[in-house]
Amino acid sequence: MSDTKASNQMWGGRFASGPAAIMEAINASIGFDRKLYAQDIRGSIAHSEMLAETGIISREDQKKIAHGLNTILSEIEAGKFEFSTRLEDIHMNVESRLAELVGPAAGRLHTARSRNDQVALDFRLWVKEELQRTDAALVALIEAFLSRAEEHAATLMPGFTHLQTAQPVTFGHHCMAYVEMFARDLTRVRDAIERLDESPLGAAALAGTGFPIDRHMTAKALGFREPTRNSIDSVSDRDFALEFLSVAAICATHLSRLAEEVVIWSTPQFGFVRLSDSFSTGSSIMPQKKNPDAAELVRAKTGRINGDLIALLTVMKGLPLAYSKDMQEDKEAVFDAAETLDLMIAAMTGMVSDMSINDAAMKRAAGSGYSTATDLADWLVREAGLPFREAHHVTGRAVALAEKKKVALDRLSLDELREIDSRITDDVFNVLSVSASVKSRTSFGGTAPQEVRRQIRYWKKRLKQGATNRKLR
Ligand code: ARG
């Protein structure tokens, strides 16, 4: 390295050895793609077996290669492998060590393959495994909600719109809303697995190869449904990563909404739930506090996952076919989102299972804010034959009176109610209580406990079938 390069004042900076060092630093991905070591080695072993089976390399060389690769796997897992930035990425780090271990046979492994199809394969395998982890984590979260819902199918709570008390519901019904949301995430995860389940190995640099390879054989050996059908697309496609990030962003959004509710519910003002000590922290100055830090962090981490999705969408937009080095920037966003999402789901599952529910506080709140006003209006329509608009008006007057007298709707006397509308009878008190209101909402998907229990049974059955049916629905 010449002195001018080494000491360039304008841009040399900390790169003592000049342009080559800067190039190495910007080019290397080993700092993060080492995470793909197991997939890289698995892909290489399958590739070597196929090369031997088709007679492209000798069985003897293949045995050496496979043995060497397995040695490297143990070295990495034992923390004894020395990763080198000079060797750029996981693929070249492994291949270079293989040459040290098995000599010239190592040079035959890369026949009929390029790093372009190799990295596409490794990354697909990794994302597929992550989606499978997400699948299992979501099932656990859904099961946690199902058991809370079962326990609280009849526990009264206020339902909200605009975060204003709207109509009474049950806590079980509210839990089942999250079951619906996370079950949709689960179907998205399973759909994403379906679509990525094709092996790009054998696409080579971009055009395929003249060697008589068997792509179906490697696809099968690596657990894919089939090989990809277009070699150009195989090395330029990162939809599977974008889909993972999209699924993760939607799921994180659900987790964040749940986290926000937990934050609200656990305030002393609401007091609907009490977080377990394991999922809350104290304050260093205010001894009375119990803070929902884990929920707040779940809410915040959603921002990171959204950022990861936008980062990769932005990397991919405008890239010409087929491979461009830009695509090396695909991994960190996915790794970060995966690690973040796994933690978020686990934390929410723990919180949901552990929090204690304050039935009394929920019930009290359920009755406040004239939450059964709609029930009065509905009664006027059903029993007194009023058009709904008129019933709405009559009810409005009853609420105004109750507000003036500072009492609940069912504390107005029959005379007071009849003064507002003479068609009202004693029977109306059967619908003005919170529990009568909830019990009456038996429409399919409604909040009546019997209906909530029906939906719990449905999802338990679906989940059980889901183990054998990827589609879930
Ligand atoms: N480290 C590279 C990546 O992650 C591997 C593929 C390199 N291919 C190439 N033609 N330079 O994308």
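The values are calculated or read from the model by the stated rules, or taken from the named source; none is laboratory data. A quick note: this is a predicted structure, and the numbers were derived from the prediction, not measured. As a convention, Cβ positions derive from the backbone with ideal geometry for all residues, glycine included, and neighbour counts pool all protein chains shown.
Listed by position, the helices (runs of 4 or more DSSP H) inside segment 365-465 whose residues that are touching a helix residue (DSSP H, G or I) at 6+ places or on another chain (Cβ under 9 Å), touching a residue at least 40 places away in the same chain (Cβ under 8 Å) and not small (Gly, Ala, Ser) number at least 1 are 373-384, 429-432, 434-440. Away from the ligand (no atom under 16 Å from the Cβ), under 30 Å from HIS162 (Cβ atoms) and assigned to a helix (DSSP H, G or I): is that true of LEU313 in this structure? Criteria not met by LEU313.
For segment 352-371, indicate whether the set of residues that are over 23 Å from ALA154 (Cα atoms), surrounded by fewer than 18 Cβ atoms within 10 Å (Cβ to Cβ) and among the acidic types (Asp, Glu) is non-empty.
Of the residues in segment 352-371, the ones over 23 Å from ALA154 (Cα atoms) are none.
No, there is no match, as no residue in segment 352-371 is over 23 Å from ALA154 (Cα atoms), surrounded by fewer than 18 Cβ atoms within 10 Å (Cβ to Cβ) and among the acidic types (Asp, Glu).
Criterion first (at negative phi and of a type outside the set (Gly, Ala, Ser)) does GLU95 satisfy it? Against the criterion (at negative phi and of a type outside the set (Gly, Ala, Ser)), GLU95 qualifies. Which residues, taken from segment 112-137, are surrounded by fewer than 22 Cβ atoms within 10 Å (Cβ to Cβ) and within 28 Å of GLU180 (Cα to Cα)? Selection gives LYS128, GLU129, GLU130, GLN132, ARG133, ASP135, ALA136.
With respect to (1) within 16 Å of the ligand (Cβ to nearest atom); (2) hydrophobic (A, V, I, L, M, F, W, C); (3) surrounded by 15 or more Cβ atoms within 10 Å (Cβ to Cβ), the lone exception for LEU319 is condition (3).
Condition check: farther than 18 Å from GLN118 by Cβ and surrounded by 23 or more Cβ atoms within 10 Å (Cβ to Cβ). Does LEU163 satisfy that? Judged against the criteria, LEU163 is not a match.
Checking each residue in segment 263-310 for being part of a loop (DSSP other than H, G, I, E, B) and among the hydrophobic types (A, V, I, L, M, F, W, C) picks out PHE270, PHE272, LEU275, ILE285, MET286.
Results for (1) at pLDDT 95 or above; (2) crowded, with 18+ Cβ neighbours inside 10 Å; (3) touching a strand residue (DSSP E or B) at 6+ places or on another chain (Cβ under 9 Å); (4) over 30 Å from ALA365 (Cβ atoms), shown as yes or no for each residue.
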site: LYS220; (1), (2), (3), (4): yes, no, yes, yes
site: ALA241; (1), (2), (3), (4): yes, yes, no, yes
site: ALA249; (1), (2), (3), (4): yes, yes, no, yes
site: PHE270; (1), (2), (3), (4): yes, no, no, no
site: VAL273; (1), (2), (3), (4): yes, yes, yes, no
site: SER276; (1), (2), (3), (4): no, no, yes, no
site: PRO292; (1), (2), (3), (4): no, yes, yes, no
site: ARG299; (1), (2), (3), (4): yes, yes, no, no
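From the set of residues in segment 86-118 that are assigned to a helix (DSSP H, G or I) and among the polar types (S, T, N, Q), which is nearest to the ligand (Cβ to nearest atom)? Filtering segment 86-118 for residues that are assigned to a helix (DSSP H, G or I) and among the polar types (S, T, N, Q), the one nearest to the ligand (Cβ to nearest atom) comes out as ASN116. Candidates are the residues of segment 322-337 that are in a helix (DSSP H, G or I) and hydrophobic (A, V, I, L, M, F, W, C); the one that is farthest from the ligand (Cβ to nearest atom) is ALA337. Suppose the filter is surrounded by 16 or more Cβ atoms within 10 Å (Cβ to Cβ) and either small (Gly, Ala, Ser) or farther than 30 Å from MET176 by Cα (or both); does LEU432 pass it? Criteria not met by LEU432.
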